[in-house]
Amino acid sequence: MEPQVHVHLHVSDLARSREFYRAFLGTAPAKDELDYVKFLPGFVPLNLALTEGRPATGDGAVSHLGIQVDSSADVLGHLARVKAAGLPVREEMGVNCCHANQDKFWVQDPDGVEWEIYHLNHDLEDEDQPAPARPRLAARSATALPIARTEACCGGSA
């Protein structure tokens, strides 16, 4: 078995979160019990477990989670799949964030945990290297998430 990152989230509504993650990850749960749901998406080495309980808040709470993919085309493919599933998204193509130029989009789970799927185009320290040509997308789509953290990098507050 290949190594996987394990993330276990306490969610306020297990049924609602199950449906969100089914749509976001594009796969049915690998394990689906009354009090526990586990996803093992094929496109990323992730073991995501959900149980009902009070989500973490305050210091130590998760800022956001991300899935880095191999190309901007992969970002666009996942974006199309997630939008077709009806999830609100926030698109950020060609943005400078965390000392790198990235193509990405964001979703928010029912408890407000933000996820990004992104491709690192180039490090900003590589001044001579221009961003690769790629399709441009609108900054916000018809089903866009409200941008609560405007002009912030990596899901952090402005």
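Summary value for segment 5-52: 48 percent relative contact order, contacts being C-alpha pairs under 8 angstrom separated by 6+ residues.
If you take the beta carbon distance between E19 and D70 as r and set R0 to 30 Å, what does 1/(1 + (r/R0)^6) give as a FRET efficiency, to the nearest 0.05? Computed FRET efficiency for E19 and D70: 0.60. The GluC sites (Glu not before Pro) of segment 1-87 that meet both conditions, a loop assignment by DSSP and at most 13 other Cβ atoms within 10 Å of the site Cβ, are E33. Stretching Q4 away from L46 to a fully extended chain increases their span by 14.6 nm, per 0.36 nm per residue minus the current alpha-carbon distance. Annotation: segment 1-49 has a Kirkwood hydrodynamic radius of 11.0 angstrom, from the mean reciprocal C-alpha pair distance. Given axes a ≥ b ≥ c from the Cα gyration tensor, I'd like to know whether segment 64-123 is rounded (a/c under 1.5), prolate (a/b larger than b/c) or oblate. Cα axes put segment 64-123 in the oblate bin.
Laboratory data are not the source of any read-out in this text; all were calculated from the coordinates shown. Bear in mind the structure is a predicted one, so any value in this text is a computation, not a measurement. Please note: Cβ atoms are built from the backbone with ideal geometry, for glycine as well, and neighbour counts cover all protein chains shown.
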